[in-house]
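Before any comments, here is the structure.
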Amino acid sequence: MEEETPLTTHPPHVLIFPLPLQGPVNCMLKLAELLCLHDLHVTFLNTEHIHQRLLRYSNVESYFKRYPNFNFGTIPDGLSDNNSRTMDQISNLINSMEEVTKPLLMEMVTSGSLGKNSNKPLSCIVADGIFCFAVDIAREIKVPLLFFDTISPCGLWTYLCVPKLIETGELPFSGDSLDEPIKNVPGMEGILRRRDLPSFCRTKDINIPLIKLVLKEDEHLPLSQGLILNTFDDLENPIISQLQTISLNVYAIGPLHSHLKSKLSSSKPPTSSNIFEEDKSCMAWLDMQPPNSVVYVSIGSLAVMTKKQLIEIWYGLVNSGSRFLWVQRLGSITEPEDELNEVPLDLFEATRERGLVVSWAPQELVLGHEAIGGFFTHSGWNSTLESLVAGVPMICWPYVVDQQVNSRYVEEVWKLGLDMKDTCDRKIVERMIREVMVTRRYEFKQMLNRMAKLAQDSVSDGGSSYHNLNRLIKDIKMMRFRL
Ligand code: UDP
């Protein structure tokens with residue numbers, strides 16, 4: 001970005017607007033804190049629904065009082081109070097935000113509390129990449145827009161290649177085999193099979209709402225003045241190069257959670273930004289377990305499993321002989337709770353002896369605990385980075401969107417664990433846990449130690465993410481609106 005002098009003498013004021021889900025909110029709050037530490041002013045805009053949950057289950061409001069240059073704002077998402085806002089509602093959520101939230105935001109940034117006559121007019125908008133409407137908002141007030149895609153860059157790159165996959169006839173799939181290699185995702189030849197493409201690619205009808213949303217995002221991403229990514233050069237250099245072909249400025253500033261930690265003096269994780277009630281009792285339980293003996297099981301904030309899958313995973317865990325800490329989020333089992341009575345008694349008995357089930361855990365702390373030896377994960381991008389930084393090998397059981405790509409990269413490219421996608425059988429679960437915890441542990445740990453060190457180096461003084469964050473901050477200070 002060209003050198004320019006700052007437009008005003010006021011500190012820049014950045015509006016950060018995350019997709020109202022746990023992962024993006026976690027990630028963008030970390031970016032917000034990093035910007036505050038560099039003396040930028042930040043307004044963090046939450047949907048009312050997410051903000052209520054944050055107020056209820058986290059200490060973010062009191063925590064951020066230490067930054068006088070930080071404010072929360074709220075805005076409706078347009079969905080009714082009783083909408084579950086679960087994964088199956090994502091397209092409805094985005095469409096509703098386009099219809100209801102966009103005009104309200106437009107008013108807020110033109111004549112309202114963030115308008116140019118307010119005492120702190122906006123100098124930059126950082127919005128989730130799926131918020132295509134942010135382009136119109138930024139144009140209206142002539143303020144630079146940066147998109148922040150909090151999914152994995154390798155996943156994002158496959159989203160951007162969907163038009164090419166359709167054009168070349170690779171999408172929709174012809175025939176039922178999911179093992180056909182994918183040829184039209186540049187840089188991923190020989191890596192991806194059909195089953196490793198984002199979950200929505202498995203449709204026979206490319207006119208489904210999720211694909212429409214992705215195609216729209218693909219058109220809008222290049223219209224921003226930059227793209228922020230939660231990754232680091234040594235992990236995804238080839239992908240970052242591909243993304244540079246669609247965006248003028250790419251800022252790879254991750255892993256954000258360790259970047260923030262390295263800038264704060266305390267060794268504790270900064271703050272929880274939970275939208276679920278955290279059960280900290282698992283930390284005392286972990287203290288009583290031997291080093292590297294526990295498998296941590298969590299499928300994040302949106303994924304669900306059927307009761308049959310629950311039982312298969314449960315048997316796999318028990319039969320592997322490992323101890324386990326399992327997050328069973330309320331609502332994450334898709335059959336009625338009362339049917340859980342049918343779980344065989346031996347599973348409950350084994351769990352009493354060497355397992356613990358909680359409804360939400362302090363994940364960063366859990367993964368950093370010496371008792372943890374493996375992570376059975378749904379391969380959400382935040383979870384993947386948190387596991388990588390903590391040096392914990394993964395058993396990947398992806399659910400939707402970028403997770404299918406992430407799990408492939410974990411096994412095939414980065415060699416940090418195993419990809420169990422598209423199966424859920426107790427024998428396979430047992431075998432994979434034994435491999436990660438015992439037989440192939442050394443191999444995975446060696447790769448993880450190397451990658452965790454590279455991640456740490458990237459956010460330390462002189463590292464690539466450290467440098468990219470400084471560049472981002474400098475650019476925010478100097479940036480002018482560009483059509
Ligand atoms: N998380 C947590 N406690 C849990 C499960 C998850 O704090 O019991 C956090 C986790 O640390 C991560 C986020 O929730 O930061 C989940 O994001 P991810 O991208 O992994 O998956 P998503 O929930 O978006 O599918």
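Among the candidates Lys453, Lys427, the residue that is away from the ligand (no atom under 16 Å from the Cβ), open to solvent by 10 Å² or more (accessible area, probe 1.4 Å) and in contact (Cβ under 8 Å) with a residue 24 or more places away in the chain is uniquely Lys427.
Are there any helices (runs of 4 or more DSSP H) wholly within segment 124-195 with 3 or more residues that are on the phi < 0 side of the Ramachandran plot and among the β-branched types (Val, Ile, Thr), and if so which? So that I can check it myself, show each step before the final result.
Values: elements: 134-141, 153-160, 162-167.
Per the criteria, 134-141.
Checking each residue of segment 269-281 against the condition of being surrounded by fewer than 17 Cβ atoms within 10 Å (Cβ to Cβ), assigned to a helix (DSSP H, G or I) and not aliphatic (A, V, I, L, M) gives at least one match. Thr231 fulfils the conditions (1) assigned to a helix (DSSP H, G or I); (2) surrounded by 20 or more Cβ atoms within 10 Å (Cβ to Cβ) except for a single criterion, (1).
A count restricted to segment 406-456 and to residues that are of a type in the set (A, V, I, L, M) and at positive phi stands at 0.
Listed here are the residues, each with its yes/no results for (1) more than 30 Å from Lys142 (Cβ to Cβ); (2) of a type in the set (Phe, Trp, Tyr); (3) open to solvent by 60 Å² or more (accessible area, probe 1.4 Å).
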position: Leu416; (1), (2), (3): yes, no, no
position: Lys421; (1), (2), (3): yes, no, no
position: Val436; (1), (2), (3): yes, no, no
position: Arg441; (1), (2), (3): yes, no, no
position: Asn470; (1), (2), (3): no, no, yes
position: Ile473; (1), (2), (3): no, no, no
position: Phe481; (1), (2), (3): no, yes, no
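Looking across segment 196-228, the residues that are surrounded by 19 or more Cβ atoms within 10 Å (Cβ to Cβ) and in a loop (DSSP other than H, G, I, E, B) come down to Leu197, Pro198, Ser224, Gln225, Gly226. For segment 267-286, the candidate set comprises residues that are away from the ligand (no atom under 11 Å from the Cβ), modelled with pLDDT of 90 or more and small (Gly, Ala, Ser); within that set, the residue that is farthest from the chain's Cα centre (by Cα) is Ala284. If you go through segment 282-330 and keep only what is open to solvent by 30 Å² or more (accessible area, probe 1.4 Å), β-branched (Val, Ile, Thr) and in contact (Cβ under 8 Å) with a residue 60 or more places away in the chain, you end up with just Val304. Applying the criterion of at least 1 residues that are more than 16 Å from the ligand (Cβ to nearest atom) and at pLDDT 95 or above to the strands (runs of 3 or more DSSP E) found wholly in segment 300-398 leaves 323-327, 372-377. Only a single criterion out of (1) more than 16 Å from the ligand (Cβ to nearest atom); (2) open to solvent by 20 Å² or more (accessible area, probe 1.4 Å); (3) touching a Leu at 6+ places or on another chain (Cβ under 7 Å) is not satisfied by Met432, namely (2). Could you tell me whether Ser458 is crowded, with 24+ Cβ neighbours inside 10 Å, part of a helix (DSSP H, G or I) and at pLDDT 95 or above? Answer is yes for this residue.
Working carefully through the options Ser111, Ser91, Ser62, find the one that is closer than 19 Å to Cys132 by Cα and out of contact with any strand residue (DSSP E or B) (no Cβ under 9 Å at 6 or more places or on another chain).
Working: Ser111 fails: closer than 19 Å to Cys132 by Cα; Ser62 fails: closer than 19 Å to Cys132 by Cα.
After ruling out the rest, the residue left standing is Ser91.
The values are calculated or read from the model by the stated rules, or taken from the named source; none is laboratory data. All figures in this text were calculated on a predicted structure; none of them were measured in a lab. Every residue, glycine as well, gets a Cβ built from its backbone with ideal geometry; the counts of neighbours run over all protein chains shown. With ligands, DNA and RNA removed, areas are computed over all heavy atoms of the protein, side chains included. Shrake-Rupley method; radii C 1.70, N 1.55, O 1.52, S 1.80 Å.
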